[in-house]
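The values are calculated or read from the model by the stated rules, or taken from the named source; none is laboratory data. Since this is a predicted model, take the numbers as computed values, not measurements. Counting neighbours? That spans all protein chains shown, and the Cβs are built from the backbone with ideal geometry, glycine included.
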Amino acid sequence: MAKIDDKVNKEVEKAAKRFGDKFDEEMYRQTNPRVLEYLTQRNEVHERFSNALNNNDLGELRQIIVDAEIACPVSGTRDWTDVRQFNLMFSTEMGATSDGALKVYLRPETAQGIFVNYLNVQKTGRMRIPFGIAQIGKAFRNEIVARQFIFRMREFEQMELQFFVRPGEELEWFEEWKKIRMKWHQTLGFGAENYRFHDHEKLAHYANAATDIEYKMPFGFKEVEGIHSRTDFDLAQHEKFSGKKLQYFDPELNKSYIPYVVETSIGVDRMILSIMAASYCEEDLDNGESRVVMKFPPALAPVKAAILPLIRKGGLPEKAREIMNQLKFNFSCQYDEKDSIGKRYRRQDAIGTPYCITIDHQTLEDNTVTIRERDTMEQKRVSLNSVEQEISEKTKMEYLLKQLI
Ligand code: ATP
């Protein structure tokens, strides 16, 4: 399908060149016979694929691969095995002796802990529906091809939110969470065009709607977050197998029910990979040199400020240490006095430190320092009293979060 999309886009690009300013892309996409033919082909494959997934028809899936002439990108072969289901979970044993041991599974998502605790949280937190419970934790999956750095691992870190709503309102909340989460990603400032939704062809057995938020990684658009409308499936299953009632009493409706759940689930590791990919820049400078710079949003940069005495004598290191001691309780800082100041700036650029604070002889005279800003490389002289304020605005998480309101 992506190949057919590429073909369509190529036709559109060619036509855009041919027609120049007069080109109406939307009209062209709707009327050009070749584009329409491609789109028909695409829809056919799409429908077959979607049906095969929903019917669990592995034979048909294999046939689609054969009919679409899909070749292995590495070896070029089209000699495929049958399509098979893989084991997705890791099993292990729990118990003192091996003969009495119980087979258990490592969790492939963190969500279930929230489900079994939701009534405790609701009661002790005096929550009313709608409300959410969020948590972070390790998840484990028997990934067949764990690769692409930290994109796909067998042990990874998930942040999940389960949001409990009234039955029948879940699809509205699903749409609401799609908006909230997309805005959250876009607030990071990596360009709205680098994100998109990908609605699922095949819904998991517990879901009645699902979408992924995809980010344009260097290796293509890839999922960074999944949003699911999980219905009352999980709570109903826990109720059924534990024999414990998991109903919520809704004081406004004056009745009890099992809530419906909208989940949003994001991998910390994938998120970090997307931030690294988006932030990495190689720049040629006006003076003929080049630099590698990580343009992390300052609120996410691991080191907020570097404290740099211009030289290693004349009382400058002592003054720099003093400043470090003043800042280190609120900001993660690095102290560096080795090598030339230029080299030290480069080192900080490469780890994405938003601010470099340089202490020179003038500092000893009038209590001023220079602050260098990572992206513009501009330097300004400020009084020591205002350093904290200068670096705090953009490096605080508050700066990002306030943009979400
Ligand atoms: P994929 O289709 O890439 O395998 P998924 O649809 O199985 O992902 P979900 O079950 O929706 O993923 O999990 C929620 C989030 O957890 C994903 O958006 C992703 O950020 C993260 N995640 C899932 N599997 C892995 C993994 N193996 N390694 C790292 N992060 C993962």
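So which residues in the stretch 295-329 are of a type in the set (D, E, K, R), within 39 Å of the chain's Cα centre (by Cα) and either crowded, with 16+ Cβ neighbours inside 10 Å or more than 20 Å from H361 (Cα to Cα) (or both), if there are any at all?
K295, K304, K328
For every residue, the table says whether it meets (1) over 20 Å from L235 (Cβ atoms); (2) crowded, with 18+ Cβ neighbours inside 10 Å; (3) over 17 Å from the mean Cα position of the chain (by Cα); (4) of a type in the set (G, A, S).
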{"site": "Q122", "(1), (2), (3), (4)": "no, yes, yes, no"}
{"site": "F164", "(1), (2), (3), (4)": "no, yes, yes, no"}
{"site": "W177", "(1), (2), (3), (4)": "no, yes, no, no"}
{"site": "M182", "(1), (2), (3), (4)": "yes, yes, no, no"}
{"site": "A204", "(1), (2), (3), (4)": "no, no, yes, yes"}
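Given the criteria charged (D, E, K, R) and surrounded by 18 or more Cβ atoms within 10 Å (Cβ to Cβ), does E225 qualify?
Here the answer is yes, as E225 does meet what is asked.
Exactly one of these conditions fails for G189: (1) under 23 Å from F221 (Cα atoms); (2) within 16 Å of the ligand (Cβ to nearest atom); (3) in contact (Cβ under 8 Å) with a residue 12 or more places away in the chain; (4) not hydroxyl-bearing (S, T, Y). Give me its number.
Tallying (1) under 23 Å from F221 (Cα atoms); (2) within 16 Å of the ligand (Cβ to nearest atom); (3) in contact (Cβ under 8 Å) with a residue 12 or more places away in the chain; (4) not hydroxyl-bearing (S, T, Y), G189 fails exactly one: (2).
If I ask for residues that are closer than 18 Å to A2 by Cβ and either loosely packed, with under 11 Cβ neighbours inside 10 Å or not hydrophobic (A, V, I, L, M, F, W, C) (or both), which ones from the stretch 42-65 would you list?
R42, N43, E44, H46, E47, R48, S50
Listed residues R152, R147; which is within 16 Å of the ligand (Cβ to nearest atom), without any contact (Cβ under 8 Å) to a residue 24 or more places away in the chain, closer than 29 Å to A2 by Cα and crowded, with 16+ Cβ neighbours inside 10 Å?
Only one candidate qualifies: R152.
Residues that are of a type in the set (D, E): list the strands (runs of 3 or more DSSP E) wholly contained in the stretch 171-274 that include at least 1 such residues.
In the stretch 171-274, 195-199, 209-217, 220-231, 248-250, 260-267 are the strands (runs of 3 or more DSSP E) which contain 1 or more residues that are of a type in the set (D, E).
Would you pick out the residues in the stretch 242-264 that are under 34 Å from the mean Cα position of the chain (by Cα) and more than 12 Å from Q162 (Cβ to Cβ)?
Result: L246, Q247, Y248, Y257, I258.
What is the number of the single condition among (1) modelled with pLDDT of 95 or more; (2) surrounded by fewer than 13 Cβ atoms within 10 Å (Cβ to Cβ); (3) within 14 Å of the ligand (Cβ to nearest atom) that T264 does not meet?
The single condition T264 does not satisfy is (2).
Scan the stretch 57-65 and tell me whether some residue there is assigned to a helix (DSSP H, G or I) and either more than 27 Å from A204 (Cβ to Cβ) or in contact (Cβ under 8 Å) with a residue 60 or more places away in the chain (or both).
Checked the stretch 57-65: no residue is assigned to a helix (DSSP H, G or I) and either more than 27 Å from A204 (Cβ to Cβ) or in contact (Cβ under 8 Å) with a residue 60 or more places away in the chain (or both).
Among residues belonging to the stretch 120-148 that are aliphatic (A, V, I, L, M) and at pLDDT 95 or above, point out the one that is nearest to N87 (Cα to Cα).
For the stretch 120-148, the residue satisfying everything is A139.
Given the options E239, E160, E169, E223, name the one that is farther than 26 Å from N51 by Cα and either modelled with pLDDT under 95 or within 13 Å of the ligand (Cβ to nearest atom) (or both).
When all the criteria are applied, what remains is E160.
Taking the stretch 237-276, which residues are of a type outside the set (S, T, Y), in contact (Cβ under 8 Å) with a residue 40 or more places away in the chain, over 21 Å from Y206 (Cα atoms) and in contact with a Phe, Trp or Tyr (Cβ under 8 Å, 6 or more places away or on another chain)?
Those that are of a type outside the set (S, T, Y), in contact (Cβ under 8 Å) with a residue 40 or more places away in the chain, over 21 Å from Y206 (Cα atoms) and in contact with a Phe, Trp or Tyr (Cβ under 8 Å, 6 or more places away or on another chain): D250, V268, D269, R270, L273, I275.
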